[in-house]
Amino acid sequence: MSSFVSKGKLLLFRLRFQGVRLQLHWNKIIQKILEFLIRRLLLKGDSLFKAQPYLRQEKQTLLDKSSGRRIIYFTFRTLHFLDWFAPIDLALERSFPGKYEVFYIDFSTTLHRIGKGFEYLHFRQQVEERLLQLNISPLRHFSHEELAEYTSFPDADVHVTCESIRQETFSVPERIYLPHYALPKAIDIGLPENIRFNHVFLPTRPPYTYKQLEQKFQEEIKVHSVGYPKLQAASSPVSCFPDSDQPVVIYAPSLEISLLFDALDRGLLEIFNKMSHYNFVIKLHPSLASRRHYVTAFMCQELKGVEHIHFDELSGIQNLAEESSLLITDFGSVGGEYRLGYGKRVIFLKTPAEYEGGADLQFRDDFADGVCKVEDLGNVIESVMKKGALSDSEFHNMRQQVLSFSEASDYEAARIVDEICSAS
(Lines give C-alpha, C1' and ligand atoms only; values in the text may rest on other atoms or scores of the structure.)
Protein backbone atom coordinates (compact mmCIF):
# COMPACT_ATOMS: atom_id res chain seq x y z
CA MET A 1 0.00 0.00 0.00
CA SER A 2 2.77 2.45 0.97
CA SER A 3 4.58 1.69 -2.32
CA PHE A 4 1.37 2.42 -4.26
CA VAL A 5 0.93 5.75 -2.44
CA SER A 6 4.57 6.65 -3.08
CA LYS A 7 4.24 5.94 -6.81
CA GLY A 8 1.03 7.96 -6.92
CA LYS A 9 2.73 10.94 -5.28
CA LEU A 10 5.60 10.66 -7.76
CA LEU A 11 3.20 10.59 -10.73
CA LEU A 12 1.37 13.66 -9.40
CA PHE A 13 4.72 15.38 -8.90
CA ARG A 14 5.73 14.70 -12.54
CA LEU A 15 2.37 15.87 -13.92
CA ARG A 16 2.45 19.13 -11.96
CA PHE A 17 6.05 19.66 -12.99
CA GLN A 18 5.23 19.20 -16.68
CA GLY A 19 2.28 21.59 -16.31
CA VAL A 20 4.58 24.37 -15.10
CA ARG A 21 7.03 23.57 -17.89
CA LEU A 22 4.31 23.78 -20.57
CA GLN A 23 3.08 27.14 -19.27
CA LEU A 24 6.60 28.60 -19.38
CA HIS A 25 7.08 27.22 -22.90
CA TRP A 26 4.02 29.13 -24.13
CA ASN A 27 5.26 32.27 -22.36
CA LYS A 28 8.52 31.88 -24.27
CA ILE A 29 6.69 31.69 -27.60
CA ILE A 30 4.74 34.88 -26.84
CA GLN A 31 7.99 36.60 -25.86
CA LYS A 32 9.61 35.59 -29.18
CA ILE A 33 6.66 37.04 -31.11
CA LEU A 34 6.95 40.34 -29.21
CA GLU A 35 10.69 40.46 -29.89
CA PHE A 36 10.12 39.95 -33.61
CA LEU A 37 7.49 42.70 -33.80
CA ILE A 38 9.65 45.20 -31.89
CA ARG A 39 12.67 44.53 -34.09
CA ARG A 40 10.60 44.66 -37.27
CA LEU A 41 8.41 47.69 -36.55
CA LEU A 42 10.39 49.85 -34.10
CA LEU A 43 14.06 49.03 -34.59
CA LYS A 44 13.93 48.53 -38.38
CA GLY A 45 15.76 45.22 -38.15
CA ASP A 46 18.46 46.22 -35.63
CA SER A 47 19.19 43.85 -32.75
CA LEU A 48 17.56 44.55 -29.39
CA PHE A 49 20.90 44.80 -27.61
CA LYS A 50 22.67 47.17 -29.99
CA ALA A 51 24.61 49.65 -27.84
CA GLN A 52 23.25 53.17 -27.50
CA PRO A 53 25.38 55.77 -29.35
CA TYR A 54 26.68 57.57 -26.25
CA LEU A 55 27.60 54.28 -24.57
CA ARG A 56 29.32 53.07 -27.72
CA GLN A 57 31.37 56.28 -27.77
CA GLU A 58 32.45 55.78 -24.15
CA LYS A 59 33.54 52.25 -24.95
CA GLN A 60 35.42 53.41 -28.03
CA THR A 61 37.27 55.97 -25.90
CA LEU A 62 38.24 53.18 -23.48
CA LEU A 63 39.53 51.09 -26.38
CA ASP A 64 41.58 53.99 -27.72
CA LYS A 65 43.16 54.58 -24.30
CA SER A 66 44.26 50.93 -24.10
CA SER A 67 47.00 51.59 -26.66
CA GLY A 68 50.38 50.64 -25.19
CA ARG A 69 48.90 48.28 -22.60
CA ARG A 70 48.96 44.48 -22.60
CA ILE A 71 45.50 43.18 -23.51
CA ILE A 72 43.66 40.29 -21.85
CA TYR A 73 40.37 38.77 -23.04
CA PHE A 74 38.15 36.88 -20.62
CA THR A 75 35.43 35.02 -22.51
CA PHE A 76 32.32 33.56 -20.90
CA ARG A 77 28.72 32.57 -21.57
CA THR A 78 27.14 32.46 -18.13
CA LEU A 79 27.05 35.05 -15.38
CA HIS A 80 28.67 33.14 -12.53
CA PHE A 81 31.98 32.68 -14.38
CA LEU A 82 32.77 36.35 -13.70
CA ASP A 83 33.59 35.40 -10.11
CA TRP A 84 36.40 33.11 -11.25
CA PHE A 85 38.38 35.72 -13.16
CA ALA A 86 37.47 39.08 -11.58
CA PRO A 87 39.76 38.58 -8.52
CA ILE A 88 42.71 38.03 -10.89
CA ASP A 89 41.79 41.16 -12.87
CA LEU A 90 41.70 43.27 -9.69
CA ALA A 91 44.98 41.79 -8.43
CA LEU A 92 46.63 42.61 -11.78
CA GLU A 93 45.60 46.26 -11.48
CA ARG A 94 46.87 46.49 -7.89
CA SER A 95 50.15 44.70 -8.61
CA PHE A 96 50.88 46.23 -12.03
CA PRO A 97 48.88 49.48 -12.24
CA GLY A 98 48.35 50.74 -15.77
CA LYS A 99 50.08 47.78 -17.43
CA TYR A 100 47.03 45.69 -18.40
CA GLU A 101 43.60 46.25 -19.91
CA VAL A 102 41.05 43.47 -19.50
CA PHE A 103 37.97 43.04 -21.68
CA TYR A 104 35.08 40.78 -20.70
CA ILE A 105 33.61 39.31 -23.89
CA ASP A 106 30.43 37.28 -23.61
CA PHE A 107 29.22 34.69 -26.10
CA SER A 108 25.85 34.33 -24.39
CA THR A 109 23.81 34.92 -27.53
CA THR A 110 25.08 31.52 -28.72
CA LEU A 111 23.07 29.85 -25.95
CA HIS A 112 19.58 28.86 -27.04
CA ARG A 113 18.05 29.79 -23.68
CA ILE A 114 19.40 33.36 -23.93
CA GLY A 115 19.49 34.23 -27.63
CA LYS A 116 19.51 37.81 -28.92
CA GLY A 117 16.27 39.15 -27.49
CA PHE A 118 14.76 40.14 -24.13
CA GLU A 119 16.58 37.33 -22.31
CA TYR A 120 19.93 38.72 -23.46
CA LEU A 121 19.00 42.23 -22.33
CA HIS A 122 18.25 40.79 -18.89
CA PHE A 123 21.52 38.84 -18.93
CA ARG A 124 23.49 41.94 -19.94
CA GLN A 125 21.99 43.90 -17.07
CA GLN A 126 22.94 41.13 -14.63
CA VAL A 127 26.52 41.10 -15.95
CA GLU A 128 26.90 44.85 -15.54
CA GLU A 129 25.42 44.79 -12.03
CA ARG A 130 27.80 42.00 -11.02
CA LEU A 131 30.81 43.83 -12.49
CA LEU A 132 29.87 46.90 -10.46
CA GLN A 133 29.67 44.76 -7.31
CA LEU A 134 33.17 43.50 -8.13
CA ASN A 135 34.46 47.08 -8.58
CA ILE A 136 35.01 46.59 -12.31
CA SER A 137 33.77 49.05 -14.94
CA PRO A 138 30.89 47.65 -17.05
CA LEU A 139 32.36 49.58 -19.99
CA ARG A 140 34.85 46.71 -20.29
CA HIS A 141 32.04 44.27 -21.08
CA PHE A 142 31.22 43.49 -24.73
CA SER A 143 29.09 40.98 -26.58
CA HIS A 144 31.14 39.12 -29.19
CA GLU A 145 28.53 40.24 -31.74
CA GLU A 146 29.18 43.94 -31.18
CA LEU A 147 32.98 43.90 -31.54
CA ALA A 148 32.71 44.82 -35.22
CA GLU A 149 30.97 48.09 -34.27
CA TYR A 150 34.24 49.44 -32.87
CA THR A 151 37.24 50.65 -34.84
CA SER A 152 40.51 48.84 -34.18
CA PHE A 153 39.41 46.57 -31.33
CA PRO A 154 42.79 45.62 -29.79
CA ASP A 155 44.16 42.09 -30.19
CA ALA A 156 44.80 40.13 -27.01
CA ASP A 157 48.14 39.01 -25.61
CA VAL A 158 46.45 36.54 -23.27
CA HIS A 159 43.08 34.79 -23.44
CA VAL A 160 41.45 33.33 -20.31
CA THR A 161 38.34 31.17 -20.18
CA CYS A 162 36.55 28.72 -17.89
CA GLU A 163 34.60 26.86 -20.57
CA SER A 164 34.49 25.58 -24.13
CA ILE A 165 33.02 28.15 -26.54
CA ARG A 166 32.82 26.71 -30.05
CA GLN A 167 32.18 30.09 -31.68
CA GLU A 168 35.29 31.71 -30.14
CA THR A 169 37.96 32.01 -32.86
CA PHE A 170 40.34 34.68 -31.54
CA SER A 171 43.97 34.37 -32.53
CA VAL A 172 45.81 34.70 -29.21
CA PRO A 173 49.33 33.36 -28.51
CA GLU A 174 48.83 32.58 -24.82
CA ARG A 175 45.68 30.81 -23.67
CA ILE A 176 44.88 30.05 -20.03
CA TYR A 177 42.29 27.54 -18.86
CA LEU A 178 40.85 28.55 -15.49
CA PRO A 179 38.89 25.56 -14.10
CA HIS A 180 35.43 26.55 -12.91
CA TYR A 181 35.44 23.97 -10.13
CA ALA A 182 37.94 23.29 -7.39
CA LEU A 183 37.32 19.54 -7.25
CA PRO A 184 36.93 17.50 -10.48
CA LYS A 185 34.15 14.93 -10.63
CA ALA A 186 34.57 11.27 -11.60
CA ILE A 187 33.98 12.05 -15.29
CA ASP A 188 36.71 14.72 -15.23
CA ILE A 189 39.67 12.34 -15.48
CA GLY A 190 41.81 14.77 -17.43
CA LEU A 191 41.87 18.38 -18.52
CA PRO A 192 39.20 19.23 -21.11
CA GLU A 193 40.03 18.44 -24.73
CA ASN A 194 37.45 20.82 -26.22
CA ILE A 195 39.16 23.98 -24.93
CA ARG A 196 42.26 25.45 -26.60
CA PHE A 197 44.91 26.37 -24.02
CA ASN A 198 48.63 26.11 -23.34
CA HIS A 199 48.44 27.05 -19.64
CA VAL A 200 46.20 25.78 -16.85
CA PHE A 201 45.71 27.37 -13.43
CA LEU A 202 45.41 24.39 -11.13
CA PRO A 203 43.36 24.96 -7.94
CA THR A 204 44.04 21.77 -5.99
CA ARG A 205 46.79 19.21 -5.34
CA PRO A 206 46.64 15.37 -5.62
CA PRO A 207 44.52 13.44 -4.78
CA TYR A 208 42.02 16.31 -5.10
CA THR A 209 42.81 17.14 -8.72
CA TYR A 210 42.63 15.50 -12.17
CA LYS A 211 43.73 11.85 -12.14
CA GLN A 212 45.59 12.42 -15.40
CA LEU A 213 47.94 14.90 -13.73
CA GLU A 214 49.24 12.18 -11.44
CA GLN A 215 50.77 10.65 -14.58
CA LYS A 216 52.94 12.19 -17.31
CA PHE A 217 51.23 15.11 -19.01
CA GLN A 218 51.66 16.87 -22.37
CA GLU A 219 54.81 18.97 -22.43
CA GLU A 220 53.12 21.76 -24.38
CA ILE A 221 50.74 22.43 -21.47
CA LYS A 222 52.22 24.39 -18.57
CA VAL A 223 50.56 23.72 -15.21
CA HIS A 224 50.58 26.55 -12.67
CA SER A 225 49.62 25.91 -9.03
CA VAL A 226 47.76 29.09 -8.12
CA GLY A 227 45.06 27.87 -5.74
CA TYR A 228 41.45 28.92 -6.25
CA PRO A 229 41.13 32.68 -6.97
CA LYS A 230 37.33 32.51 -6.87
CA LEU A 231 37.55 32.32 -3.07
CA GLN A 232 38.82 35.93 -3.15
CA ALA A 233 35.87 37.26 -5.17
CA ALA A 234 34.15 40.26 -3.61
CA SER A 235 30.65 39.51 -2.37
CA SER A 236 27.73 41.38 -0.89
CA PRO A 237 26.24 39.35 1.97
CA VAL A 238 22.57 38.52 1.47
CA SER A 239 20.30 38.04 4.47
CA CYS A 240 17.36 35.83 3.58
CA PHE A 241 16.02 35.88 7.15
CA PRO A 242 16.89 39.33 8.58
CA ASP A 243 14.35 39.12 11.41
CA SER A 244 15.25 35.63 12.63
CA ASP A 245 18.06 34.36 14.86
CA GLN A 246 17.52 30.69 13.92
CA PRO A 247 20.45 28.85 12.27
CA VAL A 248 20.44 28.99 8.46
CA VAL A 249 21.06 25.82 6.42
CA ILE A 250 21.78 25.99 2.67
CA TYR A 251 20.66 23.19 0.35
CA ALA A 252 22.76 23.43 -2.83
CA PRO A 253 22.28 20.37 -5.07
CA SER A 254 24.50 19.64 -8.07
CA LEU A 255 23.58 20.15 -11.71
CA GLU A 256 22.38 16.53 -11.96
CA ILE A 257 18.61 17.02 -12.09
CA SER A 258 17.83 13.33 -11.52
CA LEU A 259 19.40 13.56 -8.05
CA LEU A 260 17.27 16.60 -7.26
CA PHE A 261 14.12 14.75 -8.35
CA ASP A 262 15.13 11.75 -6.26
CA ALA A 263 15.69 13.91 -3.17
CA LEU A 264 12.31 15.59 -3.61
CA ASP A 265 10.60 12.24 -4.09
CA ARG A 266 12.23 10.94 -0.88
CA GLY A 267 10.68 13.77 1.11
CA LEU A 268 13.37 16.44 1.26
CA LEU A 269 10.92 19.35 1.37
CA GLU A 270 8.81 17.57 3.98
CA ILE A 271 11.90 17.20 6.20
CA PHE A 272 12.68 20.91 5.83
CA ASN A 273 9.04 21.78 6.54
CA LYS A 274 9.06 19.85 9.83
CA MET A 275 12.33 21.44 11.02
CA SER A 276 10.85 24.89 11.55
CA HIS A 277 13.46 25.66 14.25
CA TYR A 278 15.94 26.10 11.37
CA ASN A 279 15.80 28.39 8.37
CA PHE A 280 16.56 26.80 4.99
CA VAL A 281 17.79 28.39 1.77
CA ILE A 282 17.39 26.33 -1.39
CA LYS A 283 20.07 27.38 -3.86
CA LEU A 284 20.04 25.59 -7.21
CA HIS A 285 23.17 25.21 -9.33
CA PRO A 286 23.45 28.41 -11.46
CA SER A 287 23.27 26.48 -14.74
CA LEU A 288 20.28 24.44 -13.56
CA ALA A 289 18.42 27.54 -12.40
CA SER A 290 19.07 29.37 -15.68
CA ARG A 291 18.56 26.50 -18.13
CA ARG A 292 15.57 24.95 -16.44
CA HIS A 293 13.29 27.87 -15.65
CA TYR A 294 10.41 25.45 -15.06
CA VAL A 295 12.34 23.80 -12.20
CA THR A 296 12.68 27.18 -10.53
CA ALA A 297 9.02 28.00 -11.08
CA PHE A 298 7.86 24.62 -9.78
CA MET A 299 9.90 24.79 -6.57
CA CYS A 300 8.84 28.37 -5.87
CA GLN A 301 5.25 27.22 -6.21
CA GLU A 302 5.84 24.32 -3.82
CA LEU A 303 7.36 26.63 -1.18
CA LYS A 304 4.76 29.36 -1.40
CA GLY A 305 3.71 30.50 2.07
CA VAL A 306 6.42 28.56 3.96
CA GLU A 307 8.21 31.22 6.00
CA HIS A 308 11.30 29.29 7.15
CA ILE A 309 12.24 28.02 3.65
CA HIS A 310 13.57 30.51 1.12
CA PHE A 311 14.23 29.80 -2.56
CA ASP A 312 17.09 31.85 -4.00
CA GLU A 313 18.03 31.64 -7.68
CA LEU A 314 20.05 34.86 -7.98
CA SER A 315 22.55 34.91 -5.11
CA GLY A 316 25.77 32.93 -5.18
CA ILE A 317 26.98 30.71 -2.37
CA GLN A 318 29.49 33.45 -1.51
CA ASN A 319 26.57 35.85 -0.88
CA LEU A 320 24.73 33.37 1.34
CA ALA A 321 27.70 31.95 3.26
CA GLU A 322 27.96 34.61 5.97
CA GLU A 323 24.40 34.10 7.22
CA SER A 324 24.59 30.30 7.07
CA SER A 325 25.97 27.67 9.44
CA LEU A 326 25.75 24.53 7.31
CA LEU A 327 25.51 23.41 3.67
CA ILE A 328 23.86 20.28 2.25
CA THR A 329 24.81 18.97 -1.21
CA ASP A 330 25.16 15.69 -3.12
CA PHE A 331 28.31 15.71 -5.26
CA GLY A 332 30.44 18.17 -7.20
CA SER A 333 32.59 21.06 -6.08
CA VAL A 334 30.20 23.23 -4.07
CA GLY A 335 30.61 21.34 -0.78
CA GLY A 336 34.38 21.57 -0.94
CA GLU A 337 34.35 25.23 -1.97
CA TYR A 338 32.03 26.10 0.93
CA ARG A 339 34.18 24.33 3.52
CA LEU A 340 37.50 25.52 2.02
CA GLY A 341 36.31 29.08 1.56
CA TYR A 342 34.30 29.73 4.71
CA GLY A 343 35.35 27.07 7.20
CA LYS A 344 31.78 25.89 7.77
CA ARG A 345 30.38 22.40 8.00
CA VAL A 346 28.99 20.33 5.09
CA ILE A 347 26.64 17.34 4.82
CA PHE A 348 26.69 15.20 1.67
CA LEU A 349 23.65 13.19 0.58
CA LYS A 350 24.54 9.69 -0.55
CA THR A 351 24.76 9.25 -4.32
CA PRO A 352 24.69 6.19 -6.64
CA ALA A 353 27.96 4.33 -7.27
CA GLU A 354 28.47 5.87 -10.73
CA TYR A 355 29.30 9.23 -9.14
CA GLU A 356 32.16 7.78 -7.07
CA GLY A 357 35.82 8.08 -7.98
CA GLY A 358 36.27 11.82 -8.43
CA ALA A 359 38.18 14.37 -6.39
CA ASP A 360 34.88 15.85 -5.18
CA LEU A 361 33.87 12.68 -3.34
CA GLN A 362 37.45 12.06 -2.22
CA PHE A 363 37.10 15.40 -0.44
CA ARG A 364 33.75 14.19 0.97
CA ASP A 365 35.34 11.02 2.33
CA ASP A 366 38.16 12.99 3.96
CA PHE A 367 36.38 16.10 5.23
CA ALA A 368 32.57 15.75 5.22
CA ASP A 369 30.86 16.43 8.54
CA GLY A 370 28.09 13.99 7.65
CA VAL A 371 27.08 11.60 4.84
CA CYS A 372 23.54 10.24 4.81
CA LYS A 373 20.41 9.23 2.93
CA VAL A 374 17.68 11.82 2.49
CA GLU A 375 15.48 9.94 4.96
CA ASP A 376 18.11 10.39 7.72
CA LEU A 377 18.87 14.02 6.96
CA GLY A 378 16.93 15.52 9.86
CA ASN A 379 18.88 13.58 12.49
CA VAL A 380 22.22 14.25 10.80
CA ILE A 381 21.54 18.01 10.65
CA GLU A 382 20.91 18.01 14.39
CA SER A 383 24.10 16.06 15.19
CA VAL A 384 26.33 18.16 12.90
CA MET A 385 24.98 21.45 14.27
CA LYS A 386 25.94 20.32 17.79
CA LYS A 387 29.61 20.17 16.70
CA GLY A 388 29.79 23.94 16.33
CA ALA A 389 32.18 25.79 14.04
CA LEU A 390 35.45 24.42 12.65
CA SER A 391 38.52 25.30 14.69
CA ASP A 392 41.15 27.56 13.11
CA SER A 393 43.62 24.67 13.00
CA GLU A 394 41.12 22.35 11.26
CA PHE A 395 40.43 25.03 8.67
CA HIS A 396 44.11 25.84 8.07
CA ASN A 397 45.20 22.19 7.82
CA MET A 398 42.40 21.36 5.37
CA ARG A 399 43.37 24.24 3.06
CA GLN A 400 47.05 23.25 3.20
CA GLN A 401 46.17 19.66 2.33
CA VAL A 402 43.78 20.40 -0.55
CA LEU A 403 44.65 23.69 -2.27
CA SER A 404 47.65 23.93 -4.60
CA PHE A 405 48.33 27.42 -3.20
CA SER A 406 46.60 28.29 0.06
CA GLU A 407 47.51 31.97 0.46
CA ALA A 408 46.34 34.93 -1.71
CA SER A 409 45.61 32.94 -4.87
CA ASP A 410 44.35 35.99 -6.79
CA TYR A 411 47.75 37.68 -6.48
CA GLU A 412 49.59 34.46 -7.29
CA ALA A 413 47.49 34.06 -10.45
CA ALA A 414 48.14 37.71 -11.37
CA ARG A 415 51.88 37.15 -10.92
CA ILE A 416 51.77 34.15 -13.26
CA VAL A 417 49.76 36.11 -15.87
CA ASP A 418 52.44 38.81 -15.79
CA GLU A 419 55.15 36.15 -16.16
CA ILE A 420 53.38 34.70 -19.19
CA CYS A 421 53.00 38.13 -20.80
CA SER A 422 56.60 39.09 -20.09
CA ALA A 423 57.89 35.90 -21.70
CA SER A 424 55.83 36.25 -24.88
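The values are calculated or read from the model by the stated rules, or taken from the named source; none is laboratory data. This structure is a prediction, so every number in the text was calculated from the model and none was measured. As a convention, Cβ positions derive from the backbone with ideal geometry for all residues, glycine included, and neighbour counts pool all protein chains shown.
Applying the selection to segment 364-374, what residues are over 30 Å from Leu191 (Cβ atoms) and either out of contact with any helix residue (DSSP H, G or I) (no Cβ under 6 Å at 6 or more places or on another chain) or exposed (fewer than 13 other Cβ atoms within 10 Å of the Cβ) (or both)? Of everything in segment 364-374, just one residue is over 30 Å from Leu191 (Cβ atoms) and either out of contact with any helix residue (DSSP H, G or I) (no Cβ under 6 Å at 6 or more places or on another chain) or exposed (fewer than 13 other Cβ atoms within 10 Å of the Cβ) (or both), namely Lys373.
When segment 71-89 is examined, which residues are found to be of a type in the set (A, V, I, L, M), touching a strand residue (DSSP E or B) at 6+ places or on another chain (Cβ under 6 Å) and buried (at least 23 other Cβ atoms within 10 Å of the Cβ)? Hit for segment 71-89 is Ile72, nothing else.
For segment 271-296, filtered to residues that are in a helix (DSSP H, G or I) and modelled with pLDDT of 80 or more, the residue that is farthest from the chain's Cα centre (by Cα) is Lys274. Screening Ser409, Ser422 for residues that are without any contact (Cβ under 8 Å) to a residue 12 or more places away in the chain and closer than 30 Å to Arg70 by Cα leaves exactly one candidate, Ser422.
Summed over segment 375-410, the residues that are surrounded by fewer than 20 Cβ atoms within 10 Å (Cβ to Cβ), under 25 Å from the mean Cα position of the chain (by Cα) and assigned to a helix (DSSP H, G or I) give a count of 6. Beta carbons closer than 9 Å, at least 6 apart along the sequence or on distinct chains, pair a first residue in segment 142-156 that is closer than 14 Å to Ser67 by Cα with a second that is acidic (Asp, Glu) and not in a loop (DSSP other than H, G, I, E, B) for Thr151/Asp64; Ser152/Asp64; Pro154/Glu101; Ala156/Glu174. Of the residues that make up segment 227-250, is at least one basic (Lys, Arg) and surrounded by fewer than 21 Cβ atoms within 10 Å (Cβ to Cβ)? No.
I need the full set of residues from segment 91-110 which are out of contact with any helix residue (DSSP H, G or I) (no Cβ under 7 Å at 6 or more places or on another chain) and of a type outside the set (D, E, K, R), in order please.
Answer for segment 91-110, where residues must be out of contact with any helix residue (DSSP H, G or I) (no Cβ under 7 Å at 6 or more places or on another chain) and of a type outside the set (D, E, K, R): Pro97, Gly98, Thr110.
Just wondering, is there one or more residues in segment 159-176 that are without any contact (Cβ under 8 Å) to a residue 60 or more places away in the chain and either within 17 Å of the chain's Cα centre (by Cα) or farther than 26 Å from Cys421 by Cα (or both)? Scanning segment 159-176, I find at least one residue that is without any contact (Cβ under 8 Å) to a residue 60 or more places away in the chain and either within 17 Å of the chain's Cα centre (by Cα) or farther than 26 Å from Cys421 by Cα (or both), so the answer is yes. Just one of the numbered conditions (1) within 24 Å of Ala413 (Cα to Cα); (2) in contact (Cβ under 8 Å) with a residue 60 or more places away in the chain is not true of Pro206: (2). All conditions but one from (1) under 28 Å from the mean Cα position of the chain (by Cα); (2) under 21 Å from Glu129 (Cβ atoms); (3) outside any strand (DSSP E or B) apply to His112; the one that does not is (2).
A single member of Leu320, Leu361, Leu349 is under 29 Å from Met299 (Cα atoms), of a type outside the set (Asp, Glu), buried (at least 23 other Cβ atoms within 10 Å of the Cβ) and modelled with pLDDT under 95, and it is Leu320.
Residues in segment 107-122 that are modelled with pLDDT of 80 or more and surrounded by 19 or more Cβ atoms within 10 Å (Cβ to Cβ): Phe107, Ser108, Thr109, Ile114, Glu119, Tyr120.
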